[in-house]
Ligand code: GLN
């Protein structure tokens, strides 16, 4: 193991990946990242954000995350890092945070943005609070990933730069644009670390 005095970006084999720890299922992502070969860190303050090579935005409640990001002075630093090319992966509420535009959000709700897509909050949730379903994801081998959908959003539409990686029931549920990855569902809750491994691989190549 390397020591904390070594800069985050120099540990190429086990990159230091932050988990935005304002709210949501932070612990599950920390565990999944470790299992996928990364060195995870919690990120709550701008100084902590500056020390990570990449970031995961967990599931939770995007309206609360938006509020806390503003209170903690993180919203603009997050936007700056994403614009500068930092790899980011958002699950569920994290997907909402990475959308350039959202539907059914709160009036004062802000997103970080990064993917040219329109995401509808609670889109699956209105029909079905929570369900699981197999999802085939482009770039992931050995069969479908078990998608855990909890009051999940879906992607209403994507712009030219964004690539649809998975659909379920006719709706887009996984998207990538450059170094930014987002899923409607929660791979961190399943013990299947293939999506986190895909992200760690994106970080290694960035
Ligand atoms: N419905 C939540 C939101 O709007 C997302 C739910 C989740 O992350 N599981 O943020």
Could you pull out every one of the helices (runs of 4 or more DSSP H) wholly within the stretch 49-142 that has 3 or more residues that are closer than 18 Å to residue 174 by Cβ?
93-97
Only one of these is more than 23 Å from residue 165 (Cβ to Cβ), part of a loop (DSSP other than H, G, I, E, B), in contact (Cβ under 8 Å) with a residue 12 or more places away in the chain and within 14 Å of the chain's Cα centre (by Cα): 22, 30. Name it.
22
Report every pair of residues separated by at least 6 positions or lying on different chains whose Cβ atoms are under 6 Å apart, first residue within the stretch 55-74 and touching a residue at least 40 places away in the same chain (Cβ under 8 Å) and closer than 16 Å to residue 182 by Cβ, second more than 11 Å from the ligand (Cβ to nearest atom) and assigned to a strand (DSSP E or B).
56/19; 56/89; 57/20
Residue among 146, 201 that is more than 27 Å from residue 67 (Cβ to Cβ), in a strand (DSSP E or B) and at pLDDT 95 or above
146
In this structure, is residue 57 within 16 Å of the ligand (Cβ to nearest atom) and over 21 Å from residue 120 (Cα atoms)?
no
Of the numbered conditions (1) out of contact with any strand residue (DSSP E or B) (no Cβ under 9 Å at 6 or more places or on another chain); (2) within 15 Å of residue 57 (Cα to Cα), residue 174 fails exactly one; give the number of that condition.
(1)
Take the residues in the stretch 79-107 that are free of Cβ contacts under 8 Å to residues at least 40 places away in the same chain and within 17 Å of residue 48 (Cα to Cα), then tell me which one is farthest from the ligand (Cβ to nearest atom).
84
Please go through (1) within 15 Å of the chain's Cα centre (by Cα); (2) under 19 Å from residue 95 (Cα atoms) for residue 44 and return the number of the only condition it doesn't satisfy.
(1)
Mind checking whether some residue in the stretch 1-10 is at pLDDT 95 or above, in a helix (DSSP H, G or I), farther than 21 Å from residue 152 by Cβ and out of contact with any helix residue (DSSP H, G or I) (no Cβ under 9 Å at 6 or more places or on another chain)?
no
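The values are calculated or read from the model by the stated rules, or taken from the named source; none is laboratory data. In this text the structure is predicted, and so the values were computed from the model without any measurement. With ideal geometry, Cβ positions are generated from the backbone for all residues, glycine too; neighbour counts draw on all protein chains shown.
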